[in-house]
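Dropping a structure here in structure tokens format, bear with me for questions.
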């Protein structure tokens, strides 16, 4: 009895997967955590660099946000 081509293909794929499944899961688990750690470090480094940033204006007593909020509280508009 002869096998069809798709049967041979499925057997080859299943053999390949069963022999390497534990190794593949180990690699993917390690990769997940290393990528998260590297991304975190990357973001923290870029947060420290002033490159490409526009400085925010200083907010003092006369700023719009504080004045507006003060008016709302005094007038009990909330």
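Every number in this text was worked out from the coordinates using simple rules, so none of it is lab data. Owing to the predicted nature of the structure, the values given are computational and were not obtained by experimental measurement. Backbone-built Cβ (ideal geometry, glycine too); neighbour counts: all protein chains shown.
State, to one decimal in nm, how far the label point of residue 16 lies from the label point of residue 53, with both points 7 Å from Cα in the Cβ direction.
4.8
Efficiency by 1/(1 + (r/R0)^6): what FRET value for residue 32 and residue 5, r their Cβ-Cβ distance, R0 = 35 Å, to the nearest 0.05?
E(calc), rounded to 0.05, equals 0.45.
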